[in-house]
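Note sheet for the following structure.
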Ligand SMILES: *Cc1c(COP(=O)(O)O)cnc(C)c1O
């Protein structure tokens, strides 16, 4: 198992061949989930005492398991938040996989940590954060939000010298991501929710009123969303920062999806005030063209996060003593893959201007989709899009019509567009993050809703 022999050499060739084929497919088929019985019938029992051998295991993956997974990078996959890793980022994921790098500490992974920090610096500079800002890459936005909130609560507790309220709470809009509720459950804290305006936005005034109404005594953070998942709407970040200052509260921006657009001049103004936040996240696996799974988590004052997150033990002493930068000190994790490296490699390869161009390209396609909705008398926008999510209704359709239409398109390997809900009403939505998605793709899909 641990010798590089002739079998390994053959398997290496097959694995590289698979990667080459998968990367060259244009477009990659949508594929899709199958019922458990169908997969069981085709794959059978895969774990046996003697092993299947690499050839057979890889054949099972290639012919049975991989086609039972949706291809999120298909240009007509427009549901949830898709992904569209660059070729360079995907290739480098293979390299990272072959490198056995421990990315938790400077002692063990200095070179990788240096490169990851350069990628984080690019994002921090786009946001206008100070030179001392920093953080780490975590598995996803859910962990990034949780880790920020834990740092925020720890900071509030330190400020109060340990005098804690009966229950802690943080503030976010009613349209904040489901990971907020999850974080609240994990941390056993409450959420104070703020209503949104007609555009789906949490305004500074609504936030100020909600904080005044609740009282700030048990609060430790305000979370503004930098692009809601369902609509791509960006909260009033400047307003959130102001209310945060008024009450000495940590301000976090959940930009898992939307903050990628910081690099797009046509969208940059929407994030006005972002330079004043205490922490932010953005998922490179969403709109920054990296493979799963990576969330960039950045703190204005990393020392506050370090105080909350550093693990100490005899076996960690060597790591904690005079360290340059230990990524494990800044989130709920210890051992970690240097998952920021695919983004770093792609940025280093192509330069930041290519990212600006690619994000602008997706924004242009989303704007063309919104125009396409306005032009067709059977369609109607639910909200004016802020970023690259377009939510719209087909006049006269009920829930079943949306689902039947969506199923038909997937069965025909034509597109993957799911319904969503808007205050109880079934509608549908495009999330455009793939620069391979064209204006013609979205127009063709809109045409299928006629008649
Ligand atoms: C996707 C998303 C998350 C969660 O990110 P994961 O990487 O899926 O954990 C959090 N917040 C927002 C706004 C998101 O769009």
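Only residues that are within 11 Å of the ligand (Cβ to nearest atom) and in a strand (DSSP E or B): list them for the stretch 268-294, please. Across the stretch 268-294, the qualifying residues are 281, 282.
Looking for something in contact with a strand residue (DSSP E or B) (Cβ under 7 Å, 6 or more places away or on another chain), in contact (Cβ under 8 Å) with a residue 24 or more places away in the chain and surrounded by fewer than 21 Cβ atoms within 10 Å (Cβ to Cβ) - is there at least one such residue anywhere in the stretch 360-381? Yes, because at least one residue in the stretch 360-381 is in contact with a strand residue (DSSP E or B) (Cβ under 7 Å, 6 or more places away or on another chain), in contact (Cβ under 8 Å) with a residue 24 or more places away in the chain and surrounded by fewer than 21 Cβ atoms within 10 Å (Cβ to Cβ). Looking for something under 30 Å from residue 418 (Cβ atoms), in contact with a helix residue (DSSP H, G or I) (Cβ under 8 Å, 6 or more places away or on another chain) and assigned to a helix (DSSP H, G or I) - is there at least one such residue anywhere in the stretch 212-231? No, that holds for no residue. Tell me, please, whether a residue that is in contact with a helix residue (DSSP H, G or I) (Cβ under 9 Å, 6 or more places away or on another chain) and within 11 Å of the ligand (Cβ to nearest atom) can be found in the stretch 241-248. Checked against the condition, which is being in contact with a helix residue (DSSP H, G or I) (Cβ under 9 Å, 6 or more places away or on another chain) and within 11 Å of the ligand (Cβ to nearest atom), the stretch 241-248 yields no hits at all. Among the candidates 219, 297, the residue that is within 16 Å of the ligand (Cβ to nearest atom) and in contact (Cβ under 8 Å) with a residue 40 or more places away in the chain is uniquely 297. Criterion applied to 323, 335 was being surrounded by fewer than 24 Cβ atoms within 10 Å (Cβ to Cβ), assigned to a loop (DSSP other than H, G, I, E, B) and modelled with pLDDT of 95 or more, and the one residue passing it is 335. Screening residue 88 with (1) surrounded by fewer than 20 Cβ atoms within 10 Å (Cβ to Cβ); (2) within 16 Å of the ligand (Cβ to nearest atom); (3) farther than 30 Å from residue 273 by Cα gives one miss only, at (2). In the set 191, 237, 174, only one residue is under 24 Å from the mean Cα position of the chain (by Cα), modelled with pLDDT of 95 or more and surrounded by 22 or more Cβ atoms within 10 Å (Cβ to Cβ); that residue is 237. Within the stretch 222-234, take every residue that is more than 10 Å from the ligand (Cβ to nearest atom) and either under 23 Å from residue 187 (Cα atoms) or not assigned by TED's automatic domain parsing to the domain that holds residue 269 (or both) and give me the one that is surrounded by the fewest Cβ atoms within 10 Å (Cβ to Cβ). Of everything passing the filter in the stretch 222-234, 222 is surrounded by the fewest Cβ atoms within 10 Å (Cβ to Cβ).
Pairing each residue of the stretch 126-143 that is without any contact (Cβ under 8 Å) to a residue 40 or more places away in the chain with any residue that is away from the ligand (no atom under 11 Å from the Cβ) and not in a loop (DSSP other than H, G, I, E, B), provided the two are 6+ apart or on different chains, yields no C-beta distance under 8 Å.
Flag: residue 436 does not match the condition of being surrounded by 12 or more Cβ atoms within 10 Å (Cβ to Cβ), over 27 Å from the mean Cα position of the chain (by Cα) and in contact (Cβ under 8 Å) with a residue 12 or more places away in the chain. For the stretch 165-189, filtered to residues that are more than 16 Å from residue 252 (Cβ to Cβ) and in contact with a strand residue (DSSP E or B) (Cβ under 8 Å, 6 or more places away or on another chain), the residue that is nearest to the ligand (Cβ to nearest atom) is 174.
In the stretch 249-262, of all residues being within 15 Å of the chain's Cα centre (by Cα) and part of a strand (DSSP E or B), the one that is nearest to the ligand (Cβ to nearest atom) corresponds to 254.
The values are calculated or read from the model by the stated rules, or taken from the named source; none is laboratory data. All figures in this text were calculated on a predicted structure; none of them were measured in a lab. Don't worry about glycine lacking a Cβ; one is built from the backbone with ideal geometry, like all the others, and counts go over all protein chains shown.
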